[in-house]
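Have a look at the structure below, then the notes.
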Amino acid sequence: MERLQKFLAHAGIASRRMCENIIKSGRVKVNGKTVCEPGFKIDPQNDKVQVDGQYVKHKQKNICLMLNKPRGYVSTVKDERGRKTVLDLVKHIDERIYPVGRLDYRSEGLLILTNDGDLTYLLTHPKNKIPKTYRVRVRGVPSMNKLEKLASGVELEDGRTSPAKISLIDILKGNALLEITITEGKNRQIRKMCEHVGHPVLRLVRTRIGPLELRKLPSGKVRELTQKELKMLMKLMKTKQQK
């Protein structure tokens with residue numbers, strides 16, 4: 001539920017104080033009945049509000065969140081198998097939001113949650129080729145030949161992968177830590193790529209999407225994108241739209 005003057009202000013009718021005066025003057029109807037009390041509460045999703053006879057549409061507030069997804073959550077709004085979803089980690093958010101793209105059940109790291117369709121299109125449409133970077137612990141240590149093979153592209157069941165950036169970051173207890181950057185999003189692509197060259201994934205963490213970096217956000221925690229990050233996304237969006 002939301003106070004009527006707040007709803008009108010969010011819809012762009014006027015400032016909240018001015019909206020209070022508009023309500024008091026008898027110019028507002030809710031479900032066909034005149035309401036003169038500014039504190040009157042409405043359901044923005046279901047109640048029909050009119051000002052001077054004109055219906056007011058609920059103006060949705062854009063929400064853009066960064067989540068450090070832990071293992072054991074699916075990147076969907078609902079799960080038919082009853083598993084926990086990433087929305088279980090953001091129950092304090094009132095607006096309806098959804099994950100942008102996916103990280104599979106066992107994968108971790110950077111995931112964007114939003115209700116902004118333009119942002120979703122920017123980050124997920126294949127034509128935009130937004131780079132995504134992962135830290136990947138694999139079993140064993142791939143040879144230089146295998147790393148070059150991954151970088152140039154490998155043939156998977158759903159087609160050949162595009163060129164990728166591959167770096168060997170570390171070796172711990174006989175297992176390699178790779179940094180892999182791709183610009184596409186085939187289903188479970190990183191896992192399939194590594195399995196293809198004989199080095200299955202032990203742990204996979206996405207650290208970056210385009211200009212957005214996970215940095216030190218703790219696992220399972222969420223935060224709003226900063227104004228700087230939003231500006232970078234807007235700049236990127238304009239660049240892609242001009243092509």
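Annotations
- Of the DSSP H helices in the chain, those whose Cα atoms cover at least 15 Å axially and whose Kyte score averages 0.5 or more: none
- Separation of alpha-carbon centers, segment 84-150 and segment 174-232, rounded to whole Å: 6
- Amide H contacts of Thr207 (H built 1.01 Å from N, in plane; Pro and chain starts excluded): Leu110, Thr133, Tyr134, Arg135 sit under 5 Å, all sequence-distant by 5 or more or on other chains.
- Beta bridge orientation in segment 64-225: antiparallel %, DSSP, nearest 5: 90
- Projecting the Cα atoms of Leu168, Ile190, Gly82 onto the charge dipole of the chain, computed from C-beta unit charges around the Cα centre, puts Leu168 farthest toward the positive end.
- Dipole moment magnitude, nearest 20 debye, segment 28-133 about Cα centre, only Lys, Arg, Asp, Glu C-beta charged: 360
- Think of segment 64-225 as a dipole: +1 on every Lys or Arg Cβ, -1 on every Asp or Glu Cβ, centred on the Cα centre; then among Ser219, Val141, Met66, Val141 lies furthest on the positive end.
- The chain: equivalent-ellipsoid semi-axes (sqrt of 5 x gyration tensor eigenvalues, Cα, Å): 47, 18, 15
- Cleavage-rule hits (GluC sites (Glu not before Pro)) in segment 1-108: DSSP loop, at most 12 neighbouring Cβ within 10 angstrom: Glu80, Glu95
- Calculated from backbone phi, Karplus (6.51, -1.76, 1.60) coupling profile of segment 179-185 in Hz, x at Gly/Pro: 10, 10, 10, 10, 10, 9, x
Computed from the coordinates by the stated procedures, all read-outs in this text should not be read as laboratory data. None of these values were measured; they are calculated from a predicted model. A quick note on method: Cβ atoms are made from the backbone with ideal geometry, for glycine too, and the neighbour counts reach across all protein chains shown.
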